[in-house]
Structure formats: C-alpha cells, structure tokens
Amino acid sequence: MTAPDSTSDAMHPQLMLLMELQDLRSQHRELEKDDGAAPVEKEHFHMDPAEARAQLAEKVSELEERLDPQVRARYELIKPQRDRVVVPVINGVCYGCFVSIATATVGDQDVHQELQSCENCGSFIYVVS
Amino acid sequence: MKLRKLFTADSVELNLQSETKDEVLKELIQLLGLDDKSEAILFKTLKRRENLGSTGIGKGIAIPHCRSLVVNELRLAYGRKPEGIDFQAIDEEPVHNLFLIVAPPLEVSNQYLPVLGKIAQFAKDPDIPAKLQEIDEAAEFLDLLEERAP
Ligand SMILES: [Zn+2]
C-alpha cells in the first residue's frame, strides 16, 4: 500500500475483470473433480459443491457480460482451447506456453495498465512481480 | 510436506487489529507481502469463496482459502485475534484463529488440497485452540506446527 501509481485503480479494468473470471473458473473447475476440492470443501467446510458450482457459473456469466466486445471476442476464442484465459508471466516466461516473452513487455512498470497478450500463444497475460 | 515449512515468522500475526470480516481478510492478505494490485484481486477472490459459504469452520477457527493467479507458489499466513471477530462462522461464534491459504492456479506438486486438509485437521485438534491462545511469539507458533503437524 505505497506509491499512488501502484493502486488497483491503475490496473486495466478489463484485465482485473479477466483475472476475476479466471479465478472463478479455476474454482468452478476444481469443484467438478471427485478428487479435487469437492471432498475437502464438503468434509471441512460443509459446502454443497453442486450449489457452489451453480453460483460460480452464474457469477462467471455476469462478469463475461461486462467484457468489452473486442476483449470478449478474444476471450471466447481462447476459452475452448485453454483451461486458462489469463496466464501469469513469471520471470519473463509465459505460463500458458512456457516460452520467454519480450523483456520490454515484462519490464514495463505500468505493465498492468494495458491489456496485453502473449505474442506466442495469445493468452491474456498477468505479470507476477 | 510439513506445515512448518510453509510458514515464515513474517506470515504470522498474533495481534490482528481488524474489527470486521473484510478488514481481517485484508490484514491476513498483507502478511503475504504482495503488491497492491495483487492484494486487491486476492481479496475479491477470497470474498467470492466466502460467499459460497463461510470458511469459519467453528470452534473459533477460520481457514479462508482460494486459488489465485496472483501467487506463483503456495502461500500461507496465520493471524490471531485474541478478542475474537465476527466471521459469520458456521457455529456463529467469534473467530480467534485464522489460517490463510492461497495457491497458484496450477502447481507442479499439487500441495494445495492436502495442505488445506492438514490445516483443518490441525486446527480442529481439541487442544490446539487453547495452545494457540498461549503463544507469545511467532517462533512458538512455528514450533507448535512442528510438534503437532509433523
Ligand atoms: Zn504464451
């Protein structure tokens, strides 16, 4: 919670939305598998996995509606091909395709103010610092 | 994997200041030392998980958890609120011990769910809450994990 230019307001709103969508979809997917989160959530947290999945799916649809048409088109293109529409970039490597991406993209301080995608696999990227 | 190895003294706070559920989630997130944007996203994701049902599992324990893009390895934090906080726990009792667990979307070693289960087991052990209340410094918390969750 320091420099004014590093607040969440500075992040591209569509990137924020895509990341939220990504996290919701991860949770949904994990609750689908019998050896995934469902048994743990049921046993320790008394969650009803089916009900939780329905709630998550509803929220995903709601957030998808808020994507700009261009972003939405790209999102819909990536979605069926890949588990993840937004992938982290860690130490310059895209975790969608495991290829190093141009350091100019990664080193930019305001990297989250723009919506960027991997030049190799096309996934939206989020640079993890 | 040993739970002890997943915590550092920096990720332990024995006197949480927050008075509300949202504040306490943010205070726990801060123990992970992420940047502000990552903190904001993680907060939203944890809130969404809470909306599916409180992670306050009763007996004064809460285990907020999620997977999130903002971490690149499994991250844990522990916070204690001696006076208790309203976390909408399933038994409606105040929560004193909070364990935060955040995993990346994909992990090579798949530790997230086993660790989540292990933390829940540890925290539910009948004499653990009393022991957690007696702790004076982070190192003692780590020792307790070493001893009781080998
Ligand atoms: Zn890529």
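The values are calculated or read from the model by the stated rules, or taken from the named source; none is laboratory data. Computed from a predicted model, the values in this text were never measured in an experiment. Cβ sites come from the backbone with ideal geometry, for glycine too, and all protein chains shown count toward neighbours.
Brief remarks follow.
- Some residue of the range A:51-60 being among the small types (Gly, Ala, Ser), surrounded by fewer than 13 Cβ atoms within 10 Å (Cβ to Cβ) and within 18 Å of the chain's Cα centre (by Cα): no
- Hits in the range B:110-130 (condition: more than 14 Å from chain A (Cβ to nearest Cβ) and either in contact with an Asp or Glu (Cβ under 9 Å, 6 or more places away or on another chain) or of a type in the set (A, V, I, L, M, F, W, C) (or both)): B:ILE128, B:ALA130
- Of the helices (runs of 4 or more DSSP H) lying entirely inside the range A:38-124, the ones with 2 or more residues being at pLDDT 90 or above and within 16 Å of the ligand (Cβ to nearest atom) are found at A:69-78.
- Among the residues of the range A:19-27, not a single one is over 19 Å from B:PRO105 (Cβ atoms) and either of a type in the set (A, V, I, L, M) or within 16 Å of the ligand (Cβ to nearest atom) (or both).
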